[in-house]
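Following: one structure in structure tokens, then a few remarks.
The values are calculated or read from the model by the stated rules, or taken from the named source; none is laboratory data. This one's a predicted model, so the numbers in the text were calculated from it and none came from an experiment. Here the Cβ positions follow ideal geometry from the backbone for every residue, glycine too, while neighbour counts run over all protein chains shown. Side chains are part of the model used for accessible areas, which takes the heavy atoms of the whole protein and leaves out ligands, DNA and RNA. Shrake-Rupley method; radii C 1.70, N 1.55, O 1.52, S 1.80 Å.
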Amino acid sequence: MIKRILSGVAVLGLMAGSALAQDRVVNVYNWSDYIDDSILTDFTKETGIKVVYDVFDSNEVLETKLLAGGTGYDVVVPTGTFLGRQIQAGVFQKLDKSKLTNLSNMWKDIELRLEKYDPGNEYAINYMWGTTGIGYNVEKVKAAIADAPVNSWDLVFKPENAAKLADCGIFMLDTPEEMVPAALNYLGLDPDSNSAEDIEKAGELLKSIRPYVRKFHSSEYINALANGDICLAVGWSGDILQARDRAAEANNGVTVEYTIPKEGALMWFDNMAIPADAPHVAEAHEFLNYIMRPEVAAKASNYIFYANGNKASQEFIDKEVLEDPAIYPNEETVKKLYTVSTKPAKVSRVQNRVWTEVKSGN
Amino acid sequence: MSTGTQDKPRRSAGGWLLIAMPFLWLMVFFLAPFFMVFKISFSEVAVAIPPYLPTFDLSDGLAGIKDAFSTFSFDNYIWLTEDDLYWKSYLSSVKIAAVSTLITLLVGYPVAYGMARSPKAWRPTLLMLIILPFWTSFLIRVYAWIGILKNEGLLNQFLLWTGLIDQPLIILNTNLAVYIGIVYSYLPFLVLPLYASLEKLDISLLEAASDLGCPPWKAFWKITLPLSIPGVIAGSFLVFIPAVGEFVIPDLLGGSNTLMIGKTLWVEFFSNRDWPVSSAVAVILLMILVIPIVLFQNQQQKAAEKQA
């Protein structure tokens, strides 16, 4: 009898073992509209690891989940400034670089810039990077303003211009961490300023154009631009380029363009990291290593129109992506780009309070 | 022992369990979470998981809990009084909820009245029609309103087609859209209790009024309306209370200048990562809502006593 039970247990154990082998899983939490789905299916085909893919559209949502702990995610994609704070909070585990054989493909320049948030590049690899600039509907802007300064922040930060565009619609990212630096930069102040006084000044500028902004939202502008619902959006480079593409495909008479204004724009980095309590650490490393393959990284960039941090991938990237200065800005433009650091809690609160004031008029 | 207990039927273990269940439910799903929030509202922010200090550690036993209590401070509540954003949000939420409740009542009363006066055979079908939208996710129904209200949406397309307007109306992302969303979403909560009280209304009272020469509008005013007041009150509270704390509708349909406490709380929690202050906001919100909840309870109890 005992023997039978034991063998039963052994069989159960075997079954569980084989079930585990079949059900290797990696839970990925990434930005919305941020990957070519075939990358995930190819990964599963090759490794047998099932990808459970979930999306967010704001760093704040991701961060709150991470800080609550026990998310069950194995790979998450925070932006640099958030990554920095999350590392301090102990959210992530150090990468096991012995498992990341494709690390050598990464772009040294980008890795260097990432050290601002992740000293020694110990916790994260860069997935994509981009800029925060202006997307606009060419015909509608031209119709509203005769000689529109489309290569300058004047287009949106000058109240008389914003007023003319208000009727056809202005959208703005709902993220103080990017809009406040943009306003600071326009005013000629340090975009990375931690001074409450400076931030208030940026707030004043934003308030002066507030009546002309239809909505603050961080993902709806892609469709709104593509459908011709709005004529201007302050948004992320690749998102606006996706809108450009969708409009062109739809052939609906809408032409969308992206511009990095001459005054400069924010350069940001979205990075893949593994939470400290990730349930599938080995699979997460395999996923990261797969993403770092030159062909895979190139495929992702070709699809979402963002530049990636993978130098070796560049030979596989479509010419129109690699040579598009809106995606891979030339050196002259790169000089005008600025980055911001992780903000201390107090500064962050001032920024958010100013932002609430701007948005709600309170 | 005393005769009193002997008079009452003795409760079996099952009977006690039956009574204990709702209390247990309330303990586990309301009181315990509330105390957690209440406790966090006395902590301070930290860069850690979870992002506040001090945290309770039950392994430290009673001494640990005592320690935690000694470091509690009212700073977060004081903070709420220093910035006018919070009370403005509360006030604006109460206003939006009150106006929505009123509109819901104006829309819902005729609906409930019509249902209660309809032939008996129709009533189950009509009731079903009121409940039917609940079979779809609330979120999807609110999303559907985006499709209806947006500039190129169904409503504007229709109005443009009829020639009533030549410019699309901007409704989405305004307070008007929030009102539409709330009225739509909460209408069944008002119609159902109102229908229940209207249906019970004794028709012979109206017939008597008519026999004595009372015009129908006066009969409605003097008989129907007063007798339906319990339903009106119950329905209004069921709309008002959740509407004050509503987040999804203002977030999806409202504009950036829609100020509601649910959104303020979101910013506090997600953007500022300030769990303690957002907990304090939630505790105050609950305290504000306690007043209408108690009124509602009182009214319900009175109605129950009247029936008994």
What is the residue count in the stretch A:80-101 for residues that are open to solvent by less than 10 Å² (accessible area, probe 1.4 Å) and either of a type in the set (Val, Ile, Thr) or touching a strand residue (DSSP E or B) at 6+ places or on another chain (Cβ under 6 Å) (or both)?
-> 3
Restricting attention to the stretch B:94-110, does a residue exist that is on the phi < 0 side of the Ramachandran plot, modelled with pLDDT of 95 or more and within 14 Å of another protein chain (Cβ to nearest Cβ)?
-> yes
Evaluate the stretch A:277-285: report whether one residue or more is assigned to a strand (DSSP E or B), touching a residue at least 24 places away in the same chain (Cβ under 8 Å) and surrounded by fewer than 21 Cβ atoms within 10 Å (Cβ to Cβ).
-> no
Listed residues A:ALA224, A:ALA163; which is over 26 Å from A:GLY80 (Cβ atoms), open to solvent by less than 30 Å² (accessible area, probe 1.4 Å) and of a type outside the set (Lys, Arg)?
-> A:ALA224
Restricting the first residue to the stretch B:217-237 and requiring it to be in contact (Cβ under 8 Å) with a residue 12 or more places away in the chain, which pairs with a second residue that is not in a helix (DSSP H, G or I) meet a Cβ separation below 6 Å and a spacing of at least six or different chains?
-> B:LEU227/B:LEU201
Looking at (1) in a helix (DSSP H, G or I); (2) open to solvent by 40 Å² or more (accessible area, probe 1.4 Å), which is the one condition that is false for A:VAL55?
-> (1)
Residues located in the stretch B:155-171, provided they are over 36 Å from the mean Cα position of the chain (by Cα) and either open to solvent by less than 100 Å² (accessible area, probe 1.4 Å) or in contact (Cβ under 8 Å) with a residue 40 or more places away in the chain (or both) | B:THR162, B:GLY163
Residue check for A:GLY69: in contact with a strand residue (DSSP E or B) (Cβ under 9 Å, 6 or more places away or on another chain) and of a type in the set (Gly, Ala, Ser) | yes
Of the numbered conditions (1) touching a residue at least 60 places away in the same chain (Cβ under 8 Å); (2) over 24 Å from B:LEU252 (Cβ atoms); (3) open to solvent by less than 30 Å² (accessible area, probe 1.4 Å); (4) more than 14 Å from chain B (Cβ to nearest Cβ), A:VAL138 fails exactly one; give the number of that condition.
-> (3)
Taking the stretch A:154-210 as the region of interest, how many residues are of a type in the set (Gly, Ala, Ser) and either in contact (Cβ under 8 Å) with a residue 60 or more places away in the chain or within 14 Å of chain B (Cβ to nearest Cβ) (or both)?
-> 6
Cβ-Cβ below 9 Å, separation at least six or inter-chain, first residue in the stretch A:41-63 and within 11 Å of chain B (Cβ to nearest Cβ), second open to solvent by 50 Å² or more (accessible area, probe 1.4 Å) and among the aromatic types (Phe, Trp, Tyr): which pairs?
-> A:GLU60/B:TRP266; A:GLU60/B:PHE269
Taking the stretch B:253-308, which residues are open to solvent by 30 Å² or more (accessible area, probe 1.4 Å), closer than 27 Å to B:TYR184 by Cβ and outside any helix (DSSP H, G or I)?
-> B:ASN257
